[in-house]
Amino acid sequence: MTTSFGLLSTYPPTQSGVAAFAGALSTALAATPGVEWVEVVRAVDSPTFTDRPEVVAHLLAGADGAAEVAAAALDRHDAVVVNHDYGIFGGSDGDTVLEVLRRLRAPSIVVLHTVLRRPSQHQRWVLETVASLAGAVVVTTEAARARLHETCTVDPAKVHLVPHGALVRPAIRTVSSSGEPMVLTWGLLAPGKGVEWAIAGMREVRHLSPRPRLVISGQTHPKVLAEEGESYRLGLYKKVRAFGVAELVRFERSYADPAVLARLVDRADVVVLPYDSTEQVSSGVLHEAVAAGKPVVATSFPHAVDLLGSGAGLLVPHRDGAAVGAALKRVLTDPDLAAGMRAEGLRRTAGADWASVATRYTALAAALIGSSRR
């Protein structure tokens, strides 16, 4: 039996973690045996154009009739995957997505990218309603599943844990041409990413020989750029100078495509994720880093605690540059510790490449299709 998928999500060229997830999942599904084709309904905030052939419709936030158009396009398929986050569908807490889900006849799989520790009454209602309308609910981490059952009333039988997905890595790590260790953090820049604590941490390792370099890769988040301009990035530039580490920090302002990002990650000796948030139950950047066999230094957000706790990385307190620096120093000066982290990271993420993840979505869709026919 062949299966076709409709996908509702933000989607490239939109720059966000959810869009990147959707792009990778779409590509992997299309390459999966038994999948006939994949089409995308792209959620957008304003009228836009894309030349990607798989994008067949747009769900424009606030537009009259948009939900009907989106549902009709998705219902041409055997199964529908909906990427859910509160900020991507318009309405109050993204509740416009409910209009689409109520109209769908095809069985749907909803992927939850955010599960809040203390949701508002309306946020809880939105999530519970999304789950009730879906045929299946996917979370990408055990932390997300635990929090979902703690904060919301959702049928446990509907909830499935499917890892985020990661690129297949080369067998040989690329080494920096300078021979200097690379500390890497990447993703869209915005307040809350905690990059300033990584910069502060470089003070603790500036006397190592050879001296490590911190690479900060990523553009400012488009929504932050529209509202605040480059104030966050400019503030980071000031901190680099104030901390006396200007020679150790490099900014790469481009939004790297997957191939460029893969080469950058391959060159890294350690990845640092000093996020301020204590809410984050799923981080694509974290999963990608661990799956690449990179030692990780991260603050104790839920996904990091879950994934790094068995030895794939080091956890540090939030908003503590000295602690970040001390952890970096341990990784960079203890080859046995770093090697152990790499091995544990690869063990924890085994079977989480995008091809394997797409196969699990296909199997889940097949079960839903079979149930709906019965």
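Apart from one condition, Thr10 fits all of (1) among the β-branched types (Val, Ile, Thr); (2) crowded, with 17+ Cβ neighbours inside 10 Å; (3) closer than 20 Å to Ala365 by Cβ; (4) at pLDDT 95 or above; the exception is (3).
Can you find, within the stretch 187-219, the residue that is most open to solvent (accessible area, probe 1.4 Å) among those that are of a type in the set (S, T, N, Q) and either in contact (Cβ under 8 Å) with a residue 60 or more places away in the chain or touching a Ser or Thr at 6+ places or on another chain (Cβ under 9 Å) (or both)?
So the first thing to find is which residues in the stretch 187-219 are of a type in the set (S, T, N, Q), and the list is 209, 217, 219.
With either in contact (Cβ under 8 Å) with a residue 60 or more places away in the chain or touching a Ser or Thr at 6+ places or on another chain (Cβ under 9 Å) (or both) added as a condition, the list becomes 217, 219.
Values: Ser217: 8, Gln219: 61 Å².
For the stretch 187-219, the residue satisfying everything is Gln219.
One residue alone among Ala352, Ala326, Ala363, Ala338 is in contact with a strand residue (DSSP E or B) (Cβ under 9 Å, 6 or more places away or on another chain) and under 30 Å from Ser4 (Cβ atoms), and that residue is Ala352.
Among the residues of the stretch 309-333, those identified as open to solvent by 30 Å² or more (accessible area, probe 1.4 Å), in contact (Cβ under 8 Å) with a residue 60 or more places away in the chain, of a type outside the set (A, V, I, L, M, F, W, C) and not in a loop (DSSP other than H, G, I, E, B) are Lys329, Thr333. Looking only at the stretch 44-58, residues that are in contact with a Pro (Cβ under 8 Å, 6 or more places away or on another chain) and in contact (Cβ under 8 Å) with a residue 40 or more places away in the chain come to 1 in all.
Go over the candidates Arg241, Arg253 one by one and state the one that is at pLDDT 95 or above and either touching a Phe, Trp or Tyr at 6+ places or on another chain (Cβ under 6 Å) or over 17 Å from Val272 (Cα atoms) (or both).
Details: Arg253 fails: at pLDDT 95 or above.
Just one listed residue meets the conditions, Arg241.
Check whether at least one residue in the stretch 70-89 is part of a helix (DSSP H, G or I) and among the hydroxyl-bearing types (Ser, Thr, Tyr), and report yes or no. Looking for residues that are part of a helix (DSSP H, G or I) and among the hydroxyl-bearing types (Ser, Thr, Tyr), one finds none in the stretch 70-89, hence no.
For the stretch 46-61, a residue qualifies if it is in a loop (DSSP other than H, G, I, E, B) and crowded, with 16+ Cβ neighbours inside 10 Å, and the qualifying residues are Glu54, Ala61. The criterion of at least 1 residues that are more than 22 Å from Thr14 (Cβ to Cβ) and open to solvent by 30 Å² or more (accessible area, probe 1.4 Å) is met, among helices (runs of 4 or more DSSP H) falling completely within the stretch 258-308, by 258-267, 302-308.
Out of the residues in the stretch 24-38 that are touching a Ser or Thr at 6+ places or on another chain (Cβ under 9 Å) and open to solvent by less than 50 Å² (accessible area, probe 1.4 Å), which is farthest from Gly90 (Cα to Cα)? Filtering first and then ranking leaves Gly34.
The values are calculated or read from the model by the stated rules, or taken from the named source; none is laboratory data. Bear in mind the structure is a predicted one, so any value in this text is a computation, not a measurement. Virtual Cβ from ideal backbone geometry, glycine too; neighbours counted across all protein chains shown. Each accessible area value is taken on the protein alone, full model and side chains, heavy atoms only, with ligands, DNA and RNA left out. Shrake-Rupley method; radii C 1.70, N 1.55, O 1.52, S 1.80 Å.
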